[in-house]
1. State, to one decimal in nm, how far the label point of Asn78 lies from the label point of Thr45, with both points 7 Å from Cα in the Cβ direction.
2. Name the residues whose placed amide hydrogens come within less than 5 Å of the amide hydrogen of Leu73, ignoring near sequence neighbours (fewer than 5 apart) on the same chain.
3. What does the net charge come to around Ser62 if you take all other residues with beta carbon closer than 12 Å to its beta carbon, with K and R at +1 and D and E at -1?
4. Work out how much length Lys56 to Thr86 would gain on full extension: take 0.36 nm times their residue separation and subtract the Cα-Cα distance, in nm to one decimal.
5. Using a simple spin-label model with points 7 Å from Cα along the Cα→Cβ vector, what separation in nm is obtained for Tyr35 and Ala66?
Amino acid sequence: PVDEKGNVLEDSTLGSETVEGLNKQYSAMRYVDSYTVTVVPDTRTGTARLRWAPRKNSTLISLLPAGYTLTVLAANSNWLMVEDPTTMKIGYIAAKYTAR
């Protein structure tokens, strides 16, 4: 859970995440006019990971195949906040695994 400013609340179940680390990542995100990207997966696995938070050790939401299309809602230099138009789930994907 987050407060009205988007900061992660202390009582969240974060696993290996830290409140400070997540708040730093969230505050770096900038909302953008939405656009679509296509998944370009990691060549070792053939998939890209949609995550709960913009951190590589964050909880996995789903694995996305090559060519999958996502709608970008916000971005920073390394991560995109995206919506999956099929499931309507919102999560984060490393920008390096996408192409416009």
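Nothing in this text is a laboratory measurement; each read-out follows from the coordinates by a stated rule. Source: prediction; values computed, not measured. Here Cβ is always computed from backbone atoms with ideal geometry, including for glycine, and neighbour counts include all displayed protein chains.
1. Inter-label distance under the simple model: 1.6 nm.
2. Long-range HN contacts for Leu73: Met81, Val82, Glu83.
3. Charge balance in the 12 Å sphere: +2.
4. 8.5 nm
5. 2.4 nm
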